[in-house]
1. Can you give the % of DSSP beta bridges in the chain that are antiparallel, to the nearest 5?
2. Using 0.36 nm times the number of residues separating residue 331 and residue 156, minus their current alpha carbon distance, what extension gain do you get?
3. Need one number: the % of Cα-Cα pairs in segment 310-565 sitting beyond the 33 Å mark.
4. Would you mind checking the tilt of helix 462-472 against the longest principal axis of the Cα atoms of the chain, expressed as 0 to 90 degrees and rounded to 10?
5. So if R0 is 25 Å, what FRET efficiency would residue 297 and residue 253 give, r being the distance between their Cβ atoms, rounded to the nearest 0.05?
6. What does the extension gain come out to for residue 461 and residue 418, with contour length at 0.36 nm per residue minus their alpha carbon separation?
7. What relative contact order, as a whole-number percentage, does the chain give when Cα pairs under 8 Å and 6 or more residues apart are counted?
8. Starting from the Cα of residue 192, step 7 Å along the direction of its Cβ; do the same at residue 24; then give the gap between the two resulting points in nm.
């Protein structure tokens, strides 16, 4: 008898095959070495917009561990290893790439039928593939977009498609970190009626296979009632709502685990004889997942090299980050950080390691000291460090203006705070690996409080920085660190901000921040950046020598915050 809890080894094979226009498609085939007595069953997984076949790795291995042979591929003219520039990406072309993947399986693996699995925007391509190709025996969509007009309105607070139909032209737009020729994209999408809810319904009316929908019940971009309306048009369809999940299902680990098990169960019952419960699902070997992820990350780095230097990249990002100070979710995050840092005392020194454009520092000056209402004999010192000249310049201006404004308040006697800034590459803080003139030397025990806000994810060696911060904080001193969660979903923060009745200008700034976050996600996929869970932050602090770490969530539940002492 097979133990469902026993990890199953899965192997991946890199393959290349032609698209229907002759360009090269890159893909992986995932399978176990175990022979299947009932014959091979195939699943084709198309990537989400702006993502690659690597993003489907975990679910693909889950399916492979339970008897499927999985082909996950990169669209052409898209982010990934397949041919073409993402500037030319279109949905109809992605439909053709999906069908070419089935062609490959039929030619090289004798596949007569496949399950097609698509997520988010790629669901629109899957609906059309099912309409055209009888080889698809089962369609599965996860958080699938069914009404592009609605989704773009929710993302951009503007009817881009309606504007295009009325004559507006957009040229090249940055869509979540990727530049796309939107005029061409809209033109061919509208020509195929792939943009409307009615167009999706019509495709479903022509579907000859069963369809399984997995919508998220807290999706900011897709209405679950629209998914249900589309499902009602299919001859054989079922909806499996994902409770407690947003558009990025992996943001909620429990929901993601339950969904993967249920999805495997649904796929098994469609493709194999007999009943199959989610509890029976076998798990892939985690070491194999991690090893394959590393291989694909390195390939992605070589295929799509990052040319922009870090200081230039972050200089541009921080320009867009300014809108955060107007967001209620961010203000609540700052309140939590301030509460964890604790009250200021005479002469205490705070290090803001990675101060960016000064939003946290402004809050320290304006809120902490103002709320305390303390007159200090020896003013506290705020010391901000950051990599970018533009960010530091912004911070100096913000802090100086705020300090004057607080000191001038007639209704309350408040203390002051001294300000100091330094340009530092925190990847090399305390290091001897760079020229002496590039190093800021700080004595042991120089700081009473340290905050490292949303920085560690972007360093080459966060462990080294934390050890250095442990050296420069005094015994009993307090440190607060934070990171965006793995698979964080910024749609919730954006939605909350729009619901604040933000101005049109501020909403546009928030859209720019979403685009910039998309560029960060690209670098995360390539392994340059890594987001940390609460458990991982605690482990980082403990290994650096800090004691009694405690963890919290904030920033619309999308960031992990940890506090510890020396």
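Quick note: the coordinates plus some simple rules give every number you see, no bench work behind them. A quick note: this is a predicted structure, and the numbers were derived from the prediction, not measured. FYI the Cβ positions are ideal-geometry reconstructions off the backbone, even for glycines, and counts take in every protein chain you see.
1. Here the antiparallel bridges make up roughly 40 percent for the chain.
2. Once the chain is fully extended between residue 331 and residue 156, it gains 60.7 nm.
3. That fraction is 15 percent.
4. 10
5. The calculated FRET efficiency here is 0.75.
6. The span from residue 461 to residue 418 would gain 12.4 nm if fully extended.
7. Result for the chain is 12 percent.
8. Taking the two extended label points, one gets 2.4 nm.
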